[in-house]
1. For region 291-317, name all the residues that are in a strand (DSSP E or B) and either among the small types (Gly, Ala, Ser) or surrounded by fewer than 19 Cβ atoms within 10 Å (Cβ to Cβ) (or both).
2. Kindly provide the set of residues from region 89-108 that are surrounded by fewer than 18 Cβ atoms within 10 Å (Cβ to Cβ) and at pLDDT 90 or above, ordered by number.
3. Quickly run through region 418-451 and pick out the residues that are touching a Phe, Trp or Tyr at 6+ places or on another chain (Cβ under 7 Å) and farther than 16 Å from Leu321 by Cβ.
4. Which residue out of Ala151, Ala72, Ala131, Ala137 is assigned to a strand (DSSP E or B) and surrounded by fewer than 21 Cβ atoms within 10 Å (Cβ to Cβ)?
5. Suppose we keep only residues that are outside any strand (DSSP E or B) and among the small types (Gly, Ala, Ser) within region 225-240. Which one would you say is farthest from the chain's Cα centre (by Cα)?
6. Checking the conditions here, which among Ser413, Ser387, Ser406, Ser333 is at pLDDT below 80 and small (Gly, Ala, Ser)?
7. Would you check which residues across region 451-463 are free of Cβ contacts under 8 Å to residues at least 60 places away in the same chain and under 28 Å from the mean Cα position of the chain (by Cα) and list them?
8. Leu82 is checked against (1) modelled with pLDDT under 90; (2) not in a loop (DSSP other than H, G, I, E, B) and fails just one. What number does that condition carry?
Amino acid sequence: MQLSRMLANSSIAQCRIRTCIVLCLSAVVAVGRLPGQTITGRIYDSVAKAPLFGATVQLVPSKLGSMPPMQATTDSGGRYTLNGVPAGAYVLGFYHAVLDSIGIEPPFVRIEVGGADKASLRVDLGVPGPARIIAAACGPPRDTASPGMVAGRLYDATSRNAVTGATVVAEWQRVRLVSGTVEVSRPQLVATTSPDGWFAFCGVPRDDDVTMAAIRGGDTTAAVTVHVPVAGLAHRTLYIDKTDAVTVGIRDSLGRVDSTRGTEVVHRGHGRLTGIVVDAKSGRPLPGANVAIGGAGLSQTTNDRGTFTISGAPGGTQTVLIRAVGYAPERRSVDLLADQPVTLDVKLTTLRSMLDTMRITASRLYSRDASGFERRRRAGFGTFFDSADVTRYRPFEVTRLLERASGVRLYGSGMDQRILVGHVSPCEASIFIDGMTYPDLTGGDLNVMVSPEEIVGVEVYPSGASSPVQYRSMSAFSRGGGNCGSIVIWTKRGRR
């Protein structure tokens, strides 16, 4: 909100988190500006620990209507300059989209400006630090852990108006060592957006990922992941849009319609997405890569130049899935706004290159049954294989071992092979390798990534109900969600 709208009568209340001081500025009388003093300064973002680029600095006279407000924009170093400021009393402040997303109004200061014969005046401003913002929004920490906070605003993708009364859900994975056993859970928080679209989650872990999705009636955003830094404060603006429900044929993981799988309801809109897919190492375009928007039933294959265009996409914050044969799939979050086409520049990494760079750390945290494989096998849910089973069955591909499990079926061959789980309504399973999720892998991808001799354990869960909570995704809150089962693979690499 512009500073000129925030000035009150003669007294100005202190700004607090989510507190917006709205004041009406009387009609401004334009007058010629006499030569005056120069005000310079720098704005520092204590949250990002960097100068604040693109902030609008505004100088408003304390005597309303005496002259128009003056303003400037900070450069890449956070610097600003206001020239020719007449003598008088002023209020100096700034605003920026990042602050709006966090939900705070930055502090402003009163200054006195002398005549033109005075030296230039320097006034530095700054965004409050994470600790102050978290304390203002969440109160003092209840323990020494000093949990973090994720804040943001929800807007309508078409009107850009704040969305009030919508539900925002957040969850994350929690790993604890209890009596020598690793316990994994997925805590969840629910917030309702305020009249200005603001929401916040207090008590989230620092230096970790939090997944969020917004819901308004029958419309949702995709599930997006936000990393909470060590400092403890993260923010993410979300957009949601009204979409049309359309019945289409179910597509496989490569985006092709599969007539054997019936139909599904997807959501469409007026969003447009363009971009290019290239090899991360060489930079050469990747023709034939598949780009799909989750839950929309829309996909496009890149041309010889590696470019693609998708029209009719649902608006708002959505998830884009990018795949190419021999490359690790990539998931991107994009904000599709009605009148602003989005362009993606995607660099894919080969599967082998990605696996060669993986390292497992903090091994002292884990007990002998570090992954909980044996404990879950004793619980009796799902189908389990260990290295002895690999020796017994001698599968030449990982998928040949998986099809021995109850409820698993393989369709297709080569890189197009699909792994379906479930007895009643088969669906493509979520795949985890050494505890890390790999969305949208085909059977061919899996066979390239893992060889049978590397396997030390495999867990197959035919439904979401039977899957351990740590191996379920947040898909239930996103449009493309469901309750499909999971396949969890543990390799020798994970023990290094």
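1. Step one: of region 291-317, the residues in a strand (DSSP E or B) are 291-293, 298-301, 307-313, 316-317.
The answer is Ala292, Ser299, Thr301, Thr307, Thr309, Ser311, Gly312, Ala313, Gly316.
2. Hit for region 89-108 is Ala89, nothing else.
3. Listed by number, the residues that qualify are Leu420, Phe432, Asp434.
4. Values: Ala151 fails: surrounded by fewer than 21 Cβ atoms within 10 Å (Cβ to Cβ); Ala131 fails: assigned to a strand (DSSP E or B); Ala137 fails: assigned to a strand (DSSP E or B).
It is Ala72.
5. Here is the first cut: in region 225-240, the ones outside any strand (DSSP E or B) are 229-232, 236-237.
Now drop any that are not among the small types (Gly, Ala, Ser), which leaves 231-232.
Details: Ala231: 18, Gly232: 16 Å.
Ranking the qualifying residues of region 225-240, first place goes to Ala231.
6. Values: Ser387 fails: at pLDDT below 80; Ser406 fails: at pLDDT below 80; Ser333 fails: at pLDDT below 80.
Exactly one of Ser413, Ser387, Ser406, Ser333 is at pLDDT below 80 and small (Gly, Ala, Ser), namely Ser413.
7. Within region 451-463, the subset free of Cβ contacts under 8 Å to residues at least 60 places away in the same chain is 451, 454, 463.
Selection gives Ser463 alone.
8. (1)
The values are calculated or read from the model by the stated rules, or taken from the named source; none is laboratory data. Just so we're clear, the structure is a prediction, and the values are computed from it rather than from any experiment. Every residue, glycine as well, gets a Cβ built from its backbone with ideal geometry; the counts of neighbours run over all protein chains shown.
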